[in-house]
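This report refers to the structure that appears directly beneath it.
The values are calculated or read from the model by the stated rules, or taken from the named source; none is laboratory data. Note that this is a predicted model, so its numbers are computed, not measured. Backbone-built Cβ (ideal geometry, glycine too); neighbour counts: all protein chains shown. In case anyone asks, the SASA skips ligands and DNA or RNA and just uses the protein heavy atoms, side chains included. Shrake-Rupley method; radii C 1.70, N 1.55, O 1.52, S 1.80 Å.
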Amino acid sequence: VENLTVYETILPEESEEAIKEVFVSMKKTGKNIGLPDNLDLKKILVTFTSYSTVENFANALKNIDKNLLQKVIDSGVRFASIGSKTADYALGFGIKSDIISKDVNIDSLVDGIVDYYKKINKNKGDDI
């Protein structure tokens, strides 16, 4: 029996650069993550659609600065995961998913995100 690699998941260099561009100023200030100062960080949502997206996100932040992942987690940024297994995997990196889709597909993830923000808007009257 011979094992064949069917595909390999990699983080493209431009993706790591984009992550760095968004989150690098947080490393410097501890607060702002490269977006307008008046932006409520709780309005930022990072979505995970697989184990590899969790791993690539966490590793990209750690490659920029070993403490950056924890700063992002502590900043109020929200996280959504496709299914409970992806959410559990994210938790292994210290990332608690605010939204977990019921089914493991994009439609269910989108439905979960919409429901989450509808609930927040209803409870707080925010403009999210």
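I need a count of the residues in segment 61-80 that are surrounded by fewer than 19 Cβ atoms within 10 Å (Cβ to Cβ), of a type outside the set (Gly, Ala, Ser) and within 15 Å of the chain's Cα centre (by Cα).
Number satisfying all stated conditions: 5.
Quickly run through segment 48-60 and pick out the residues that are buried (at least 19 other Cβ atoms within 10 Å of the Cβ) and either touching a residue at least 40 places away in the same chain (Cβ under 8 Å) or assigned to a loop (DSSP other than H, G, I, E, B) (or both). It would help to see each step written out before you state the result.
We begin by selecting, within segment 48-60, every residue buried (at least 19 other Cβ atoms within 10 Å of the Cβ); these are 48, 53-54, 56-58, 60.
Listed by number, the residues that qualify are PHE48, VAL54, ASN56, ALA60.
Let me spell it out: the conditions are (1) open to solvent by 60 Å² or more (accessible area, probe 1.4 Å); (2) modelled with pLDDT of 90 or more; (3) part of a helix (DSSP H, G or I); (4) within 16 Å of TYR116 (Cβ to Cβ), and LYS42 meets all of them except one. Which number is the exception?
Result: LYS42 passes all but (2).
Mind telling me which of the residues GLY112, GLY83, GLY94 ends up being surrounded by fewer than 16 Cβ atoms within 10 Å (Cβ to Cβ) and either small (Gly, Ala, Ser) or under 20 Å from PRO12 (Cα atoms) (or both)? Spell out how you get there, then give the answer.
Details: GLY112 fails: surrounded by fewer than 16 Cβ atoms within 10 Å (Cβ to Cβ); GLY83 fails: surrounded by fewer than 16 Cβ atoms within 10 Å (Cβ to Cβ).
Only one candidate passes the filter, namely GLY94.
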